[in-house]
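The next block holds one structure in the form of structure tokens; read it before the comments.
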Amino acid sequence: MVEVVKCTCAVEDRILLQDVDVKFASGQMCGIMGPSGCGKTTLLNAIVHGELLTSGSFIEINGTDVRSRRDDIAFVEQYVPLCPAMTVFETIHFNAMLRLPWFLSAKEIAEKAMTTIEQLGLSELSQRVVGSVTKKLSGGEARRVAIAQEMVVDPPILVLDEPASGLDAHTSWHLFSLLSTLAHDDSKLVISTVHQPSSRLFY
């Protein structure tokens, strides 16, 4: 569970968020909705990085100060650059090698990368070059690769900033269906900002 208590964010004398109280429970997919400029991304950055938090505000994960639990949070920003020369597998495997515990064997790391690829429905694309001219990844596929980079470390909390940005309604629905499955089946907490969801996506 993530608990935000009296979260106030400000830049000098300009208050961006004031006294926000909210609890997010594991096993749920939670949406943060609102128009552009209302503070959705500011709230995510406060949770993930502690950015712009003023004194007196605090955020806890299962009763512990978030500052000592940053590794429990995976953050997928709105625009995630991918290396165009790497395949989908190489992209996720590279992140796994950088971020998984040092004592895991090369085989275990490769298996973890493949498991994540399967979870995100990317198996058929695993050998496709990200920046291929002839077989370029679609927006939804690229977004799933960006999510897989974070999911490979098996975080209990996944935070996403506008993951449906630039996607059509059908692709957005499939992406959020996948995130909902990850939350409910793996007891993860998924927090996402949503700017303008369709009625189908909302429900």
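The values are calculated or read from the model by the stated rules, or taken from the named source; none is laboratory data. Because the structure is predicted, anything quoted here is derived from the model rather than measured. Heads up, the Cβs are rebuilt from the backbone with ideal geometry, glycines too, and the neighbour counts pull from every protein chain shown. In case anyone asks, the SASA skips ligands and DNA or RNA and just uses the protein heavy atoms, side chains included. Shrake-Rupley method; radii C 1.70, N 1.55, O 1.52, S 1.80 Å.
So the values come out like this:
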| read-out | value |
| --- | --- |
| Residue count, segment 1-53 (criterion: in contact with a Lys or Arg (Cβ under 9 Å, 6 or more places away or on another chain), in a helix (DSSP H, G or I) and open to solvent by less than 20 Å² (accessible area, probe 1.4 Å)) | 1 |
| Hits in segment 64-93 (condition: without any contact (Cβ under 8 Å) to a residue 24 or more places away in the chain and of a type in the set (Gly, Ala, Ser)) | 68 |
| Selection from segment 67-81 of residues that are open to solvent by 30 Å² or more (accessible area, probe 1.4 Å) and within 18 Å of residue 158 (Cβ to Cβ) | 69, 70, 71, 72, 77, 78, 79, 80 |
| Qualifying position, being more than 27 Å from residue 193 (Cα to Cα), open to solvent by less than 30 Å² (accessible area, probe 1.4 Å) and among the aliphatic types (A, V, I, L, M), among 117, 109 | 109 |
| Condition met for residue 174 (touching a residue at least 60 places away in the same chain (Cβ under 8 Å) and either surrounded by fewer than 15 Cβ atoms within 10 Å (Cβ to Cβ) or not basic (Lys, Arg) (or both)) | no |
| Helices (runs of 4 or more DSSP H) (entirely within segment 84-193) containing at least 3 residues that are in contact with a strand residue (DSSP E or B) (Cβ under 8 Å, 6 or more places away or on another chain) | 139-151, 169-186 |
| Hey, residue 201 within 22 Å of residue 118 (Cβ to Cβ) and either surrounded by fewer than 22 Cβ atoms within 10 Å (Cβ to Cβ) or among the hydrophobic types (A, V, I, L, M, F, W, C) (or both) or not | no |
| Matching residues, segment 54-66, being small (Gly, Ala, Ser) and loosely packed, with under 12 Cβ neighbours inside 10 Å | 55, 56, 63 |
| Residue, nearest to the chain's Cα centre (by Cα), within segment 54-73, restricted to residues that are outside any strand (DSSP E or B) and of a type outside the set (D, E, K, R) | 66 |
